[in-house]
Amino acid sequence: MPDLHADPHLPAGLDAGTVVSLDDTDEIDTDVLIIGSGMGGGTLAWALRESGARVLVVERGGFLPREPENSQPEEMYLKGRYKNAGLWYDGRTGEPFEPGAYYWVGGNTKFYGASLPRFRRSDFVEVKHQEGRTRAWPFSYDDLEPFYSQVERLFDVHGQIGEDPTEPPHSSPYPFPPLAHEPTVERFADSLRSQGLHPFHTPNALNVLTQADRVAVTTADGCPDNTGMKSEAENKVVLPALRDGVKIMVQTEVTRLLTSPDGRRVIAAEARHQGRTIRINATRVALAAGAVNSAALLLRSATRAQPYGLGNSSGLLGRNYMVHNSTFFVGVNPLRTNTTKWQKTLGINDFYEAGDGTPYPLGNLQMLGKLQAPMLKPARSWAPMQALKFMSGRSLDIYLTSEDLPSRDNRVRVDGERILIDWTPTNVSAHHELVRRVTKMVRKAGYPLIFKQQMGIATNSHMCGTAVAGHDPADSVLDASCRSHDIENLWLADASFFPSSAALNPALTIAANALRIAPSVAAGLPT
Ligand SMILES: Cc1cc2nc3c(=O)[nH]c(=O)nc-3n(C[C@H](O)[C@H](O)[C@H](O)COP(=O)(O)OP(=O)(O)OC[C@H]3O[C@@H](n4cnc5c(N)ncnc54)[C@H](O)[C@@H]3O)c2cc1C
């Protein structure tokens, strides 16, 4: 197997042969093939690094260059420097859109805001919402709890137990104390407390110690970070796994899975590699290409025996696509500047679950890293940059999320190479009520001008649910260990398995689940 070290962006310290290139053969064998190196695939690779099995990660993107432009919002938001997912299509209208997906080693975590909350106990059971019900998970919060603690250590999560009334029990404290609020956020927290609410320090995987550190990562919620202070999948799990013997093929897109004649096993994957089609023979396959691409790959791998997609005897593959109802919410006080560098330190879950005065769950409030003028420009192209600078220098920037309920009609479809998304938001009235309540509280906190924008089909960075896990093969795609009910050596290790979306950031749960299912993926392999 020849080695490729031609990638100029290859991180230092990898052994020769770790990044695999097929120059003189079109075929390669492995014990475990992991497709996708994001939060799910990367964490699974890390968990299997000492299993004794040959583990190969195949990633369609390359290593993201480490360069000054990483933290320049003009490059990210105005020039689209790192956008490489092409176009997906609204299945209802046929309109193309640029998805919130990125194809690089580390997946979407290269761009994420590193907010890493645990889902609440109530997120694992069926809950009645204003416009429907969530689906119960086939395992409980307690089953996942030890893995949450492990990921919090792996990703150096900073947080504080005991401030948020919805916080579920932890078997160990956060490894690092919470990130302190900067003065503007502290003042907001004081106002919220005086309004009878319970603001808490959000769990965050940003290793900042000083204000200078915060200046250096001020754009890291949305942009890549070249300081190493943001824990993401590439630096915390993929590179450590590669240093411990896992191999990776980059710029290699898996296009189809091939099955045994009886359709019960995946025997190989076909992939595009250096302009040609190669074959990767694998004993076990873990698909972690992100909730949309994983479903799309299985749908495209249909055979005469499985004409509606691999592992789709339930008819649910691609369905139950969820993304959260979300709103960017900005409060402005023209007389008060906001010099905060890392604002993503505060959250509120007072309306997360039903209770007094809240008949149905409404969702979560969290702060955004810190909005800057170039980030606002794409949504307000008519506004002069100077006006946007004035506004973002005085704004309190908030992200509101409510649960998007599972629906068979919200789904991923494929049409040849094209990805189609059918999505009609669900549970919208609950989201509007959350926005109403937050409008009142932000005005009371001294921000009279409110600007808000509810996100549409293109804001799908929290995508999940396209291959739901459950106990009943007639009503789910995967079993409780995220293995296909139909195909005995196929697991899904990304957000596809989520039976419901919760209303919190998903990445910690994706990673904890990857650790949870790792023993099932490795069981019985040669060690
Ligand atoms: C701007 C932004 C901010 C976010 N902020 C947060 C946050 O603060 N907290 C949080 O919890 N979450 C956040 N998220 C979401 C979080 O990043 C995702 O939920 C998480 O990364 C999903 O993990 P995954 O393993 O399902 O997929 P991904 O991390 O997207 O990984 C999928 C990988 O598969 C690769 N791939 C796709 N198709 C193929 C193929 N056919 N062959 C080979 N490889 C393939 C992709 O290139 C990618 O590397 C944010 C996302 C974005 C975009």
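Values in this text are rule-based calculations from the coordinates and carry no lab data. All values derive from a computational prediction rather than experimental measurement. Note that we place each Cβ from the backbone using ideal geometry, even for glycine, and neighbour counts take in every protein chain shown.
Please order 88, 491 by the number of other Cβ within 10 Å, starting at the fewest.
On the way: 88 22, 491 26.
Least to most surrounded, the residues fall as 88, 491.
Full extension of the segment from residue 143 to residue 354, taken as 0.36 nm per residue of separation minus the current Cα-Cα distance, would add 73.6 nm. Quote the relative contact order of the stretch 192-281 in percent (integer), defining contacts as alpha-carbon pairs under 8 Å separated by 6+ residues. About 15 percent, as a whole number. If you take every DSSP beta bridge whose two residues both sit in the chain, what share of them, in percent to the nearest 5, is antiparallel? Here the share of antiparallel DSSP bridges comes out near 70 percent.
I need the calculated FRET efficiency for the pair residue 308 and residue 429, taking r as the beta carbon distance and R₀ as 35 Å, to the nearest 0.05.
Numbers: r = 34 Å, r/R0 = 0.96.
Computed FRET efficiency for residue 308 and residue 429 comes out at 0.55.
Mean residue ellipticity, 222 nm, helices only, the chain: the sum of -39500 (n - 2.57) across DSSP H runs of n ≥ 4, divided by residue count and rounded to 500, is -5500 deg cm²/dmol. A straight line joining the Cα centroids of the stretch 241-307 and the stretch 408-456 runs 33 Å.
Assuming R0 = 22 Å, what is the FRET efficiency of residue 193 and residue 153, from their Cβ-Cβ distance, to the nearest 0.05?
So, using R0 = 22 Å, E works out to roughly 0.15.
Between residue 10 and residue 163, the simple spin-label model (points 7 angstrom out along Cα→Cβ) gives 4.4 nm.
Can you compute the charge dipole magnitude of the stretch 114-169 about its Cα centre, using +1 on each Lys and Arg Cβ and -1 on each Asp and Glu Cβ, nothing else charged? Give it in debye, rounded to the nearest 20.
Around 220 debye, computed over the stretch 114-169.
Approximating the spin labels as points 7 Å out from Cα along Cα→Cβ, the residue 439-to-residue 418 distance works out to 3.8 nm. The convex hull of the Cα atoms of the stretch 237-378, projected and averaged over all directions, covers 15.8 nm². Cβ crowding within 10 Å, taken as a proxy for footprinting-reagent exposure, orders 328, 498 from fewest neighbours to most as 328, 498.
Using 0.36 nm per residue, how much length does the chain from residue 66 to residue 212 gain when fully extended, once their Cα-Cα distance is taken away? Present the calculation step by step, with values, prior to reporting the outcome.
Details: separation 146, 0.36 × 146 = 52.56 nm, distance 1.96 nm.
Gain in length upon complete extension: 50.6 nm.
To the nearest ten degrees, helix 507-522 and the longest principal axis of the Cα atoms of the chain are 20 degrees apart.
Summarised as an ellipsoid, the chain has semi-axes of 37, 26, 22 Å, derived from the eigenvalues of the Cα gyration tensor scaled by 5 and square-rooted, with the largest first. Since only 178, 129, 84 are under comparison, the one whose Cα sits farthest along the positive direction of the charge dipole of the stretch 81-187, derived from C-beta charges on Lys, Arg, Asp and Glu, is 84. Ranking of 236, 452, 128 by neighbouring Cβ atoms within 10 Å, starting from the fewest: 128, 452, 236.
Considering only 330, 393, 367, the residue lying farthest towards the positive end of the dipole of the stretch 328-395 is 393, judged by Cα position with unit charges set on Cβ.
Put a dot 7 Å past the Cα of residue 258, heading toward its Cβ, do the same for residue 389, and the two dots end up 5.8 nm apart.
For the residue pairs 230/370; 377/440; 230/344; 341/370; 344/370; 370/452, the C-alpha atoms sit more than 18 angstrom apart in 377/440. Dipole check for the chain: with +1 at the C-beta of Lys and Arg, -1 at the C-beta of Asp and Glu, and the Cα centre as origin, the magnitude is about 1360 Debye.
Straight-distance candidates among the aspartates and glutamates for linking to residue 444, with alpha-carbon spacing under 20 Å and chain neighbours fewer than 8 residues away dropped: 182, 186, 190, 350, 397, 433.
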